[in-house]
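Asks: Before we start, here is the structure in question, set down as structure tokens.
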Amino acid sequence: MKADAEARTSQLRSLVEKMMLKQGQKVTGAMDYLTALKNGTLKVDDATRKQAQEDISENGYWGVEQTSDRLVSFAKALAGDDPSKADKLMAAIEKGFKQATKAWGDTLPDICGRTLEATREKMNAWKNSINTSTVEE
């Protein structure tokens, strides 16, 4: 049982690392496009630019809300939807974020930090749902 929990925690850390790196790559790619466009060194068609901006927008697939929702959803699934495991899973998410930062080689783009904070808030709300449901019953 302990080995299973450790394997699930490891899966979550790995997922977080991959998601944060992918999110960072999308942001950097979008910023690279803007810089290259500004310098006149790269021509990007409107559809590509629009898609990149959409991907990292507030409601985009790689935006803060959807990315943090996917992290929390995965954490809940690993926990068997048991909010008492939220702190342990949040620690795994934070460790994955640190590993992604290290792999990135520098500070991740701001969107990644905002995603981590949104994830933390959603995990805390889920964890606190234990107290809410206990009080309401």
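Asks: Considering region 42-63 alone, what residues qualify as being touching an Asp or Glu at 6+ places or on another chain (Cβ under 7 Å) and modelled with pLDDT of 90 or more?
Replies: The initial filter retains those residues of region 42-63 that are touching an Asp or Glu at 6+ places or on another chain (Cβ under 7 Å), namely 58-62.
Hits for region 42-63 are G60, Y61, W62.
Asks: Could I ask something else about it? When the residues of region 86-114 are filtered to those that are of a type outside the set (A, V, I, L, M), touching a Leu at 6+ places or on another chain (Cβ under 8 Å) and modelled with pLDDT of 90 or more, which remaining residue is surrounded by the fewest Cβ atoms within 10 Å (Cβ to Cβ)? Let's see the steps before the verdict.
Replies: Keep residues of region 86-114 that are of a type outside the set (A, V, I, L, M), which gives 87-88, 94-99, 101-102, 104-107, 109-110, 112-114.
Filter once more, so that each one left must be touching a Leu at 6+ places or on another chain (Cβ under 8 Å): 94, 96-97, 101, 104.
Cutting the leftovers down to modelled with pLDDT of 90 or more gives us 94, 96-97.
Details: E94: 15, G96: 25, F97: 23.
Applying the filter and picking the extreme gives E94.
Asks: Another one. Cβ-Cβ below 7 Å, separation at least six or inter-chain, first residue in region 70-95 and closer than 17 Å to E121 by Cβ and acidic (D, E), second at pLDDT 95 or above and exposed (fewer than 13 other Cβ atoms within 10 Å of the Cβ): which pairs?
Replies: Listed pairs, sorted by first residue: none to list.
Asks: A further question on this structure: Residue check: is S68 of a type outside the set (K, R) and more than 11 Å from the chain's Cα centre (by Cα)?
Replies: On the way: of a type outside the set (K, R): yes; more than 11 Å from the chain's Cα centre (by Cα): no.
No, not satisfied.
Asks: Quick one: D81 ticks every box in (1) under 15 Å from the mean Cα position of the chain (by Cα); (2) surrounded by fewer than 16 Cβ atoms within 10 Å (Cβ to Cβ) except a single one, so which number is it?
Replies: (1)
Asks: In this structure, does A103 turn out to be of a type in the set (G, A, S) and either more than 26 Å from E6 (Cα to Cα) or touching a residue at least 60 places away in the same chain (Cβ under 8 Å) (or both)? Spell out the reasoning first.
Replies: Values: of a type in the set (G, A, S): yes; either more than 26 Å from E6 (Cα to Cα) or touching a residue at least 60 places away in the same chain (Cβ under 8 Å) (or both): yes.
It is true that A103 is of a type in the set (G, A, S) and either more than 26 Å from E6 (Cα to Cα) or touching a residue at least 60 places away in the same chain (Cβ under 8 Å) (or both).
Asks: Quick check, is T9 surrounded by 15 or more Cβ atoms within 10 Å (Cβ to Cβ), at pLDDT below 85 and either of a type outside the set (D, E) or over 10 Å from the mean Cα position of the chain (by Cα) (or both)? Step through it out loud before you land on a result.
Replies: Details: surrounded by 15 or more Cβ atoms within 10 Å (Cβ to Cβ): yes; at pLDDT below 85: yes; either of a type outside the set (D, E) or over 10 Å from the mean Cα position of the chain (by Cα) (or both): yes.
Spelling it out, T9 is indeed surrounded by 15 or more Cβ atoms within 10 Å (Cβ to Cβ), at pLDDT below 85 and either of a type outside the set (D, E) or over 10 Å from the mean Cα position of the chain (by Cα) (or both).
Asks: In addition: Just to check your reading of the model, which residue among E121, E137 is modelled with pLDDT of 95 or more, acidic (D, E) and either touching a strand residue (DSSP E or B) at 6+ places or on another chain (Cβ under 9 Å) or loosely packed, with under 13 Cβ neighbours inside 10 Å (or both)?
Replies: Details: E137 fails: modelled with pLDDT of 95 or more.
So the residue among E121, E137 that is modelled with pLDDT of 95 or more, acidic (D, E) and either touching a strand residue (DSSP E or B) at 6+ places or on another chain (Cβ under 9 Å) or loosely packed, with under 13 Cβ neighbours inside 10 Å (or both) is E121.
The values are calculated or read from the model by the stated rules, or taken from the named source; none is laboratory data. On a predicted model such as this, the values are computed, not experimentally measured, just so you know. All Cβ positions, even for glycine, are placed from backbone atoms using ideal geometry, and neighbour counts span all protein chains on display.
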